[in-house]
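The next block holds one structure in the form of structure tokens; read it before the comments.
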Amino acid sequence: MRALLLSTPVRTHFTTLVSVAWALRAAGHEVLAAGSPDVVSAAQSAGLSAVSIGRPAYLLDSVTPMLRGGLRPAHAFGRPSPDAFEISARMWALHARYLLPSYLELARRWKPDLIVCEQLEFAGPIIAAVLGIPAVTHRWSVDPTTAPMRPTVAALLAGLCERLGLSEVPEPVALLDPCPPQLQLPEAAPGMPVQFVPFNGTGSMPEWASAPARVRRVGVSLGQQTLGLHGVPLFRGIMSAFAGLSDVEAVVTVPPEQHGEFADAPPNVRVVAPTPLELFLPGCAAVVHHGGSGTLLTATRYGLPQLVLPQMANMYAVADQIAATGAGIGIDDAASQDDPTAIRKAVLALLDDPAYRDGARELRRAMLAMPTPAEVVADLEALADRRSDR
Amino acid sequence: MLSTPFHTHFTPMVPLACALRAAGHEVLVAGQPEVVDAAHSAGLCTASVGERFHANDVLSRKLRPGVRPLQVAGPATPAMLAAGSRIWEMHAKYLLPTYLDLARSWGADLIVSEQMEFTGPIIGAVLGVPAVRHRWGIDALTGPTRESVRLFLAGACERLGLPGFPEDSRWLDPCPPPLQVPDLVRGIPIRPSTFNGAGEMPGWAFEPGSARRVCVCLGRQTLKLNGIGLLRGIVAAFDGLSGVEAVVTVEPEFQEHYADAPANVRIVDPTPLDLILGNCAAVVHHGGASIAMAAASYGIPQLTLPQFMDQFTVGERVVATGVGRSIGTAEQQDDPAVVRDNLRALLDDPGHERAAADVRAATAAMPSPAQVAGDLERLAA
């Protein structure tokens, strides 16, 4: 079987698909990714070949103009309103319309038996319907967007689908969901469970991570975007929250070129280059993160209590759900995120209150009970066969 | 997962690594920077151990300008194979303590090592965890090196409390049985991969082509080891072959030597084989273990022009099974007329196509890496 992977042009959107792609390949299937150069480089970093379609997306073009005067997205936008999802739906529906002809041409030439796309890549199900093959959509994690975006997306893609000879805007035949059920939003439609496998790029185990921590280690990883979007004061505040904590150390991932900004960090704060989470989270006692799906699920997989400081979009729902499951704390207002006292209080609660550890372990148990990507391949094979038999 | 410091020694284990990850297991690749690079290119995290190996210090040390290894040493004998592998026995002694510390502190439940990384079985025995050895493909080296490995590593093993080099490891064998060297210890079959790195699908790879397409790929070493002239001869052999077009992978730094290639030859940057081979009617290669397996997987007849070490055995097995042909001497390899005759025979003799189709069927019948990951899980349980 041949599986075509489609993703909107954001590295971390594509990364959602990696473990299923590996599983498909390990079962003897062919896998090819397609997307903008952002997707191509993300695919290649996971050992997957890709077809480059279109130009780089420069998605931050739609964020940075709103951040004048040193604002972070958390200040400028905060928790997304229903309108924000509406705007986002329009944007990704347009993306799908523009990319669809190239995707379709590729699919006609490469002849996939299955399309796997992430939750914002709305072109996938349409191409699949035109080709008469199944499409499955893979959620990133906590999914506050699929349901509210659907009406707008369907309305905006109706004409396109009609011109392609489709009687309706097709839905994916399955929605793969890496969230343990209790972590997912209650209002989100139930998906097909698939166990999360950590991948956020490759790297070598750093010296500090290979030795066991002498004190309780807290991993602080706010993703690839947060620091660059006026995040320096936020990082400084988080670091100063650790000052004077005697039996706790923080490991904070920061791109090497910005380490100079944090030369005065407290002695128990180690500023390190971005490192794959799978190499150092197992040695941590808690995690502070921005609510990115990969970090959320990796921390969950290792059973760690989490402090979530959401910065934009679906990250707020991640913070809500971590709090709701008892596996951690969310601090969603920007002013409190900037307050070292609030951060310190939350970190100490995560480390000292066994209820968070129990909550995190419960989530880990639920995650490990989900079928692995390797097991889900059989379901995907069945989906594709069923279609080809028609 | 452990590997000696060659990209191509590590790469045959990639499908298994992905299968283990997809089944929810943790995978850590340990090795020198060459292995680290290879693992990262496959999306795997690593522990970097030791310094860069700089293979060409070893491979090209005796070469005069313009002379390639085959012209100095001739086809490899079993004694040469054993001598050439001695370096990996020494490597094992040097790397063993570091690997062992790492395996202990990381808490490995299973060790997978490629066929020339002899530390794997030792570490497995010391830690009491299963160790499996992964062949590259056609395995010309294990037989000739066995005795030498046993003797050379005995002291290191004894100092770790083992009676000797553990020879009871299980093997994983990606080579379909008919192609494999006879008389080897049978391994657990694992369907070979066609993975040799990720890349971008080039536009021409989609075009079915009006002529029969032949892929020419001499690996990463041949050109560097004074093989520019060899490839010029191969390229010239396509001149005037009607109904045939060649796609020749050449690193950008060498492409200037092929500016005058015939019209039916397309010189391209190194491209993942799995993006090319699906549309090819034949493959010309240097007897590399991985490309031979990839060609077998696609059921494509192969012409090998071996240069050193185990590449000659690959050529012999290709000939013995009828899946292709081999040109074994430097003089014949350098004669475009000989190469052209072999290409014609490769493309026109239906026997090769039939044999290649048989091997493809044998390959497809082997368990997938995903299935083998399940077996290994039970082994490590």
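Let me have the relative contact order for chain B, percent, based on Cα pairs under 8 Å that are six or more residues apart. Averaging sequence separation for qualifying contacts and normalising by length gives 17 percent for chain B. Rounded to the nearest 10 degrees, the inclination of helix B:78-106 to the longest alpha-carbon principal axis of chain B is 50 degrees. Mind pulling the angle between the C-alpha long axis of helix B:369-380 and the longest principal axis of chain B? Nearest 10 degrees, somewhere in 0 to 90. Roughly 20 degrees between the two axes. Other protein chain C-beta atoms within 10 Å of residue C-beta, averaged over B:359-371: 3. For segment A:289-339, the relative contact order is 34 percent, taking Cα pairs closer than 8 Å that sit 6 or more residues apart in sequence and dividing their mean separation by the residue count. For chain A, the relative contact order is 17 percent, taking Cα pairs closer than 8 Å that sit 6 or more residues apart in sequence and dividing their mean separation by the residue count. Take each residue of peptide A:197-203, count the partner chain Cβ atoms within 10 Å of its Cβ, and average: the result is 5. A helix-only calculation puts chain A at -13000 deg cm²/dmol for mean residue ellipticity at 222 nm, using -39500 (n - 2.57) for each DSSP H run of at least four residues, averaged over all residues. For chain B, the residue among B:Pro78, B:Leu241, B:Val214 whose Cα projects farthest onto the positive side of the dipole built from Cβ charges is B:Pro78. Taking other C-beta atoms within 10 angstrom as a stand-in for reagent exposure, B:Arg104, B:Arg232 fall in the order B:Arg104, B:Arg232, fewest first. Need the C-alpha centroid separation for segment A:92-141 versus segment A:24-47, integer Å. Using only Cα atoms to place each centre, the spacing works out to 15 Å. Compute the separation of the alpha-carbon centres of segment B:319-359 and segment B:172-235 and state it in Å as a whole number. Spelled out, the Cα-based centre of one part sits 15 Å from the other. Packing order of peptides A:177-188, B:293-304, B:257-268, highest average first: B:293-304, A:177-188, B:257-268 (average count of other Cβ atoms within 10 Å over each peptide's residues).
Farthest towards the positive end of the charge dipole of chain A, among the residues A:Thr298, A:Val288, A:Ala378, is the Cα of A:Ala378, using unit charges on the Cβ of Lys, Arg, Asp and Glu.
Over chain A, the alpha carbon radius of gyration divided by the compact-protein estimate 2.2 N^0.38 Å works out to 0.99.
Note on A:38-50: average number of Cβ atoms from other chains within 10 Å of each residue's Cβ is 5. Straight-line cross-link partners of B:Lys224 among the lysines, defined as a Cα under 23 Å from its Cα and at least 8 positions apart when in the same chain: B:Lys62. For segment A:276-309 and segment A:146-181, what is the separation of their Cα centres, given in Å? Taking the Cα centre of segment A:146-181 as reference, the centre of segment A:276-309 is 31 Å away. Let me know the whole percent of all Cα-Cα pairs from segment A:207-368 that are separated by more than 27 Å. Result: 13 percent of Cα pairs exceed 27 Å. Projecting the Cα atoms of A:Ala129, B:Thr46, A:Ala346 onto the dipole axis of the protein assembly as shown, where Lys and Arg carry +1 and Asp and Glu carry -1 at the beta carbon, places B:Thr46 farthest toward the positive end. For the protein assembly as shown, the dipole from Cβ point charges (+1 on Lys and Arg, -1 on Asp and Glu) about the Cα centre works out to 400 debye, to the nearest 20.
Every read-out reported here was derived from the displayed coordinates using simple, explicitly stated rules and does not represent laboratory data. Since the model is a prediction, treat every value here as computed from it, not as a measurement. Ideal geometry is used to build each Cβ from the backbone, glycine not excepted, and the neighbour counts take in all protein chains shown.
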